[in-house]
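The values are calculated or read from the model by the stated rules, or taken from the named source; none is laboratory data. Model, not experiment: these values are computed from the prediction. Cβ: placed from backbone, ideal geometry, glycine included. Neighbour counts: every protein chain shown.
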Amino acid sequence: MNASHLPSFTNLSKWINRLLLWVSVYWEPVCLITAVGLITLFYILGIPDIPFHPDESTQLYMSQDWTEYLKNPFRLAWQPEVPLSDRMIYRLLDPPLTRYWIGFWLTLTNQPAPLQDWNWSQGWEANLQAGAFPPPTSLFVARLGMTLLLPISLLSIYALGYALRGRRVAWTSLFLAGGHALILLHTRRAMAEGLLLSGSTLTLWLLSLPAPNPWLLGLSAALAFNAKYTALPLVGLGVLRLGLLDQTKPTYTPKARLGAILAFLSAFTLLTLALNPFLWKHPVEALKQAAAARQHLITAQVGDFKVANPLMVAESTSTRLRNMLLQVFFAPPQLSEAANYNQALATSYNSYEHNPFHSLLRGKTGGGLILALTLLGMLALTLDRREALPSSRLSTQVLILGTIFQSGFFLGWLPLSFQRYYILLVPYVVLWTAMGIDSLLKALNLLLDQIWRK
């Protein structure tokens, strides 16, 4: 029989795509909600297995700011004549959203916060006797509040993948994110990473829309920034997106672009000021105090880690690049940055590390595979630009520039290579990896089609 009369794999793919289109109309929303719900349930059921981190105790201790904010937020303001308390130092150092979110959940469930902060200079038993370890139920509730933000991250990553290259990349991105070792650990602790990931992925999705609302975009970027200051590149990305990148409206004049940028920055600034009452009475002086406190902390931490763990210190661009690649792709989940309490937490550490799912696609083999697929996704982007839908142009620009901005920020500034700091890069890695897998499947389909025709 003539090969031209044989059905081809290309035709088979067309029929499969038609079937998927029918499924997408009727069943995909149900499947998506079910998948996200099951992944979130899996995360929730594993919360008790997450090893404790002393910074969780500090966040619960500071969560009392939520109640104070509702009663009289001006009492949280920095004042030059008032001696610095430990709580005020934390307000100067850290963004407020994590403690507010934890405080909201503790108040909602009527659970107490620890009355004593964790003291890193003391031993495990001394902290326990001082009451610095949070009550187990309070710790679980705080972690649950963070874990319940996971659907925002997963749905945003799915939407970004769909905008980039369609359904296959969207579903691949969803499952890669749901099983990612860094997300699995760091977003289930009562720390900033759950809020940071949900806020940053939501902002990226809004940035990829053809005509995003600049006020909503500014609020979303402010939420990410007030979870952790390392989300600052999102502000620059937002300004660039509204000012220069693709716009669907032909009437989008320079004046309109400037107005959108001002609206974005206004929303970002207003929400940031509203969430930080330590600035309300003496904003300029308080900002100077905050900058000085942050610099003092960084200097002290770098000095401590130069002695305790020099590999964590990154003072050159080449070292930062090496550490960034190591933490994002290869290193196992970092249960603790310091070894102060390794002996006391050894049982929980061993239990977590012995679960193979917690280190899925890490190490030389797994990490090397993900890195290769990430690079393939980047390479494939340059090769299939002509095949890409025009509607994916904007999301592609956001992905490229977001990767450059966030990586550049870490390479240019980050002095300590804590793994949880790099959680902001995970959505980019997941999307690039999904595009790499998609390009492999396309190449395999073409190869099989050629073999079949022969």
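Taking the criterion of being touching an Asp or Glu at 6+ places or on another chain (Cβ under 9 Å) and among the aliphatic types (A, V, I, L, M), the residues of region 187-239 that qualify are ALA190, MET191, ALA192, ALA227. Among residues of region 154-179 that are under 10 Å from SER395 (Cα atoms), those with a Cβ under 8 angstrom from a residue that is part of a helix (DSSP H, G or I) and among the charged types (D, E, K, R), sequence gap 6+ or separate chain, pair up as ARG165/ASP438. Exactly one residue among GLU353, GLU337 is touching a residue at least 40 places away in the same chain (Cβ under 8 Å), acidic (Asp, Glu), touching a helix residue (DSSP H, G or I) at 6+ places or on another chain (Cβ under 8 Å) and within 24 Å of PRO51 (Cβ to Cβ), and that residue is GLU337.
Put simply, of SER348, SER316 the only residue that is on the phi < 0 side of the Ramachandran plot and without any contact (Cβ under 8 Å) to a residue 12 or more places away in the chain is SER316. Can we say ILE261 is farther than 20 Å from LEU209 by Cβ, of a type in the set (A, V, I, L, M) and either touching a residue at least 12 places away in the same chain (Cβ under 8 Å) or in contact with a helix residue (DSSP H, G or I) (Cβ under 8 Å, 6 or more places away or on another chain) (or both)? For ILE261, the condition - farther than 20 Å from LEU209 by Cβ, of a type in the set (A, V, I, L, M) and either touching a residue at least 12 places away in the same chain (Cβ under 8 Å) or in contact with a helix residue (DSSP H, G or I) (Cβ under 8 Å, 6 or more places away or on another chain) (or both) - is not met.
When every residue of region 132-143 is checked against the conditions, at least one turns out to be under 30 Å from TRP432 (Cβ atoms), modelled with pLDDT of 95 or more and either touching a helix residue (DSSP H, G or I) at 6+ places or on another chain (Cβ under 7 Å) or surrounded by 21 or more Cβ atoms within 10 Å (Cβ to Cβ) (or both). Evaluation of GLN289 against the conditions (1) touching a Pro at 6+ places or on another chain (Cβ under 9 Å); (2) in contact (Cβ under 8 Å) with a residue 24 or more places away in the chain; (3) under 29 Å from LEU206 (Cβ atoms) shows that the sole unmet condition is (3). Return yes or no: is TRP124 at pLDDT 95 or above and surrounded by 18 or more Cβ atoms within 10 Å (Cβ to Cβ)? So TRP124 fails the test. Of the helices (runs of 4 or more DSSP H) lying entirely inside region 28-111, those carrying at least 2 residues that are surrounded by fewer than 19 Cβ atoms within 10 Å (Cβ to Cβ) and out of contact with any strand residue (DSSP E or B) (no Cβ under 8 Å at 6 or more places or on another chain) are 28-45, 64-71, 86-93, 97-108. Would you confirm whether any residue within region 235-251 is under 12 Å from the mean Cα position of the chain (by Cα) and not polar (S, T, N, Q)? The answer is no, given that none of the residues of region 235-251 is under 12 Å from the mean Cα position of the chain (by Cα) and not polar (S, T, N, Q).
Residues considered: LEU381, LEU361, LEU444. Of these, the only one that is of a type in the set (A, V, I, L, M, F, W, C) and outside any helix (DSSP H, G or I) is LEU361. Given the condition farther than 23 Å from ALA177 by Cβ, touching a Ser or Thr at 6+ places or on another chain (Cβ under 6 Å) and at pLDDT 95 or above, answer yes or no: does some residue in region 410-431 qualify? There is at least one residue in region 410-431 that is farther than 23 Å from ALA177 by Cβ, touching a Ser or Thr at 6+ places or on another chain (Cβ under 6 Å) and at pLDDT 95 or above. Check PHE305 against each of (1) surrounded by 18 or more Cβ atoms within 10 Å (Cβ to Cβ); (2) out of contact with any helix residue (DSSP H, G or I) (no Cβ under 6 Å at 6 or more places or on another chain) and name the one condition it does not meet. Every condition holds for PHE305 apart from (2).
For region 144-163, which residues satisfy the criterion of being farther than 30 Å from GLY436 by Cβ and not in a helix (DSSP H, G or I)? Hit for region 144-163 is LEU148, nothing else.
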